[in-house]
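Some notes on the structure that comes next.
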Amino acid sequence: MVAKVDADACTGCEMCTQTCPDVFEMDGDKSTVIGSSVPEDAEDSCRQAAEECPVEAISVS
């Protein structure tokens, strides 16, 4: 699984970093993805972070 954050859409609310800290971290006032792929044990929380993003800035595939 791969997660991506649209930096133009991200508002820096930090919900994703709280929901899935194994995948997301803040880089200044924007969220970024840690690493190139989502660890298997973080896939559910990553999907949850994408679903809960208030501006739909996170995509997973």
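Values in this text are rule-based calculations from the coordinates and carry no lab data. Computed from a predicted model, the values in this text were never measured in an experiment. Positions of Cβ are generated from backbone atoms using ideal geometry, with glycine treated the same way; all protein chains shown enter the neighbour counts.
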Fewest to most neighbouring Cβ within 10 Å: what's the order for Val38, Val2, Val60? Val2, Val60, Val38
Using a ≥ b ≥ c from the Cα gyration tensor of the chain (square roots of the eigenvalues), is it rounded, prolate or oblate, where a/c under 1.5 gives rounded and otherwise the larger of a/b and b/c decides, a/b for prolate? prolate
Given the rule -39500 (n - 2.57) for each run of at least 4 DSSP H residues, summed and divided by the residues of the chain, what is its mean residue ellipticity at 222 nm, to the nearest 500 deg cm²/dmol? -6500 deg cm²/dmol
Glu51: net charge of surrounding residues, Cβ under 14 Å, Lys/Arg +1, Asp/Glu -1, itself excluded? -3
Estimated vicinal HN-Hα couplings, Hz - the stretch 20-25 in sequence order (Karplus 6.51, -1.76, 1.60; Gly, Pro = x): 9, x, 6, 10, 10, 9
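Fewest first, what order do Thr32, Thr11 take by the number of other Cβ atoms within 10 Å?
Details: Thr32 16, Thr11 13.
Placing the least packed residue first, the sequence is Thr11, Thr32.
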For a quick check of your reading of the filter: which GluC sites (Glu not before Pro) in the stretch 1-40 sit in a DSSP loop and have no more than 15 other Cβ atoms within 10 Å? Glu14
Would you please give the FRET efficiency between Ser37 and Thr11, computed as 1/(1 + (r/R0)^6) with r the Cβ-Cβ distance and R0 = 30 Å, to the nearest 0.05? 0.75
Rough spin-label spacing in nm, given labels placed 7 Å along Cα→Cβ, for Lys30 and Lys4: 1.4 nm
Expressed as a whole-number percentage, the relative contact order of the chain with C-alpha contacts under 8 angstrom and at least six residues apart is 46 percent
Once amide H atoms are placed 1.01 Å from N in the peptide plane, what residues at a sequence separation of 5 or more from Ser31, or on another chain, have their amide H within under 5 Å of its amide H? Gly12
With Ile34 itself left out, Lys, Arg at +1 and Asp, Glu at -1 over residues whose Cβ is under 11 Å from its Cβ give -3
Taking the Cα centre of the chain as origin, sum charge times position over the Cβ atoms of Lys and Arg (+1) and Asp and Glu (-1), and report the length of that vector in debye to the nearest 20. 120 debye
Arrange Cys53, Cys16 by Cβ neighbour counts within 10 Å, fewest through most, would you? Cys53, Cys16
Hey, what do the phi angles of the stretch 42-58 turn into as Karplus ³J(HN,Hα) couplings, whole Hz, using 6.51/-1.76/1.60 and θ = phi - 60°, x for Gly and Pro? 10, 4, 5, 5, 5, 4, 4, 4, 5, 5, 8, 4, x, 10, 6, 8, 10
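Among residues other than Thr19 whose Cβ falls under 11 Å from its Cβ, what is the net charge (Lys/Arg +1, Asp/Glu -1)?
Around Thr19, the surrounding residues sum to -4.
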